[in-house]
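The values are calculated or read from the model by the stated rules, or taken from the named source; none is laboratory data. Predicted model, so just to flag it, every value in this text is computed and none were measured. Glycine also receives a Cβ, built like all others from the backbone with ideal geometry; neighbour counts cover every protein chain displayed. These area figures cover heavy atoms from the full protein model, side chains too; ligands, DNA and RNA do not enter into them. Shrake-Rupley method; radii C 1.70, N 1.55, O 1.52, S 1.80 Å.
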Amino acid sequence: MTGYDVIVVGGGPGGSTAAGLVAADGHRVLLLEQEHLPRYRIGESLLPATVHGVCALLGVRDEIERAGFVRKRGGAFRWGSSPEPWTFAFAASDRMAGPTSYAYQVERTRFDTILLRGARRLGADVREGHRAVGTVRDGGRITGVRYLDEAGRERIATARFVVDASGHTSRLHHDAGGTREYSPDFRNVALFGYFRGGARLPEPDAGNILCVAFDAGWFWYIPLSATLTSVGAVVRQECAARVQGDREAAFRGLIADCPLIAEFLRDARPATEPPYDRLRVRKDYSYDRTSLYCPGMVLVGDAACFIDPVFSSGVHLATYSALLAARSINSTLAGLVPEDRCFAEFEARYRREFGVFRDFLRGFYRLASDQRAYFRYAHHVVDGHVTGRDGDGGDDRAAFADLVGGVSSGDFDAFGDVLAEGAHLQLRGLLGADAGEEPPMFPGGLVSTSDGRRWQVPDA
């Protein structure tokens, strides 16, 4: 039996973020990843808050910049009443203007490997091919993890904290208490694959994601390189029978029913090289949990919750929640702030960020209007989560960009108009301590330290 300060289960973006930021604070961290990287994952479209905020704090932003990923300046939608696709740009927001007005479309085999290597460089003990099978409990507290090593031998490691970042197939999330609750609004099924030679949007939007609604649901179309494209059909529950049986025939039929995607794929061919050589299905993937934390254990990323992928929030929510968890763990281990107060801050911020995406998506699916109505609705949702009141007369297009860029939460509290948490993360990544102190997001809440790795009680 081996003792650590923290055990992180899962080596994806959430796990690497939590492990790296806790190890960087001087703590002993064990990260258990059941596979060997590189390995395939879906969730390929990033948001600016992840690239310019969290990745900068992890010290991997420059490596990501050099990796040659496709630059994403915003997105395009064929959605609502407009017969033509309409676009948005992250630069429409003052919070993302200039050097932070883009993100990337990434091959997760490469992106996840960069983050995991970064966690190892920061001091985490990373063990690939090690599968967690359960937790260890002492009274009312989680105190460790049971896992199988590469030889299949069961071992036990103990720790002050366990971070479950093992995704939607987590074996551990039940141990945090509470239940997983699937959303009645987003009971969709996704059928997705990859193509070579697909068309691109006109410049300067060639690297942007394209989302196209059609009768059975909607398609994503994500350029991953000059020739490789990720294509997925998200099908409503009442049309789910269409993806049963022969997947290739089903996919061809869905593409044929969506003229814009069919046109973009007219000269394309299915990818034939692993891991892009087969079609995959994922269903029932929008859910929340009644409990995200129990003494000794915290859930981040898809182990905690996931919302419909139309705004590419998955990696953002994973890395953002992992950052919040790392701050809470580091502050508790350092004896700076009581554990219960730290994780109350974690849960409040995480649920707010998740809630902004969830509530906007409910209206985005139900509204059959033009882009101006969607922009207005985004402004309404952001103000509702941040100020508790309806629109403040600001820029609707900027509010939409804030929301889909991951920088919408926490714009207003008792201290007045302030930068969103996501935008402050970007500034902190760019400026370090010169970014200034972040105001509390909630009355009586905590703020992060200048290095972004801990909570502190703000000055009175």
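If the requirement is being open to solvent by 20 Å² or more (accessible area, probe 1.4 Å) and free of Cβ contacts under 8 Å to residues at least 60 places away in the same chain, which of these qualifies: 256, 250, 268? Steps first, please.
Numbers: 250 fails: open to solvent by 20 Å² or more (accessible area, probe 1.4 Å); 268 fails: free of Cβ contacts under 8 Å to residues at least 60 places away in the same chain.
Unique residue meeting the criteria: 256.
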query = Can you tell me which residue in segment 1-34 is surrounded by the fewest Cβ atoms within 10 Å (Cβ to Cβ), limited to those that are part of a strand (DSSP E or B) and of a type in the set (Val, Ile, Thr)?
reply = 2
remark   = Of (1) surrounded by 24 or more Cβ atoms within 10 Å (Cβ to Cβ); (2) under 30 Å from residue 158 (Cα atoms); (3) not basic (Lys, Arg), residue 313 fails just (2)
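Kindly provide the set of residues from segment 168-185 that are part of a loop (DSSP other than H, G, I, E, B) and either of a type in the set (Asp, Glu) or in contact with a strand residue (DSSP E or B) (Cβ under 9 Å, 6 or more places away or on another chain) (or both), ordered by number. So that I can check it myself, show each step before the final result.
Step one: of segment 168-185, the residues part of a loop (DSSP other than H, G, I, E, B) are 168-172, 177-179, 183-185.
Answer for segment 168-185, where residues must be part of a loop (DSSP other than H, G, I, E, B) and either of a type in the set (Asp, Glu) or in contact with a strand residue (DSSP E or B) (Cβ under 9 Å, 6 or more places away or on another chain) (or both): 168, 170, 171, 172, 177, 178, 179, 183, 185.
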ask   = Filter segment 297-350 for residues that are free of Cβ contacts under 8 Å to residues at least 40 places away in the same chain and assigned to a helix (DSSP H, G or I); which is farthest from residue 233 (Cα to Cα)?
value = 340
ask   = How many residues are open to solvent by less than 10 Å² (accessible area, probe 1.4 Å) and closer than 29 Å to residue 342 by Cα when one looks only at segment 286-310?
value = 15
note = The one condition residue 161 fails out of (1) touching a strand residue (DSSP E or B) at 6+ places or on another chain (Cβ under 9 Å); (2) modelled with pLDDT of 95 or more; (3) surrounded by fewer than 20 Cβ atoms within 10 Å (Cβ to Cβ) is (3)
key: Residue ID - surrounded by the fewest Cβ atoms within 10 Å (Cβ to Cβ), chosen from residues in segment 174-201 that are at pLDDT 95 or above and of a type outside the set (A, V, I, L, M, F, W, C)   = 197
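Within segment 30-45, is even one residue touching a residue at least 40 places away in the same chain (Cβ under 8 Å), within 27 Å of residue 336 (Cβ to Cβ) and touching a helix residue (DSSP H, G or I) at 6+ places or on another chain (Cβ under 6 Å)? First the steps, then the outcome.
Looking only at segment 30-45, we keep the residues that are touching a residue at least 40 places away in the same chain (Cβ under 8 Å), and these are 30-45.
In the following step, the residues that additionally are within 27 Å of residue 336 (Cβ to Cβ) were identified as 30-31.
Within this subset, residues satisfying the condition of being touching a helix residue (DSSP H, G or I) at 6+ places or on another chain (Cβ under 6 Å) are 31.
Taking every residue of segment 30-45 in turn, at least one turns out to be touching a residue at least 40 places away in the same chain (Cβ under 8 Å), within 27 Å of residue 336 (Cβ to Cβ) and touching a helix residue (DSSP H, G or I) at 6+ places or on another chain (Cβ under 6 Å).
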key: Lone qualifier among 238, 273 - being of a type in the set (Asp, Glu), within 24 Å of residue 13 (Cβ to Cβ) and either surrounded by fewer than 19 Cβ atoms within 10 Å (Cβ to Cβ) or in contact (Cβ under 8 Å) with a residue 40 or more places away in the chain (or both)   = 273
note = In segment 334-373, residues that are open to solvent by 10 Å² or more (accessible area, probe 1.4 Å), among the aliphatic types (A, V, I, L, M) and modelled with pLDDT under 90 total 3
request  = Filter segment 51-84 down to residues that are touching a Leu at 6+ places or on another chain (Cβ under 8 Å) and among the β-branched types (Val, Ile, Thr) and give me whichever is most open to solvent (accessible area, probe 1.4 Å).
outcome  = 70
remark   = A careful count of residues in segment 85-134 that are part of a helix (DSSP H, G or I) and open to solvent by less than 30 Å² (accessible area, probe 1.4 Å) gives 13
ask   = Exactly one of (1) among the aliphatic types (A, V, I, L, M); (2) within 26 Å of residue 280 (Cβ to Cβ); (3) part of a helix (DSSP H, G or I) is unmet by residue 37. Its number?
value = (3)
ask   = Would you say residue 45 is open to solvent by less than 10 Å² (accessible area, probe 1.4 Å), within 17 Å of the chain's Cα centre (by Cα), of a type in the set (Ser, Thr, Tyr) and under 23 Å from residue 453 (Cα atoms)?
value = no
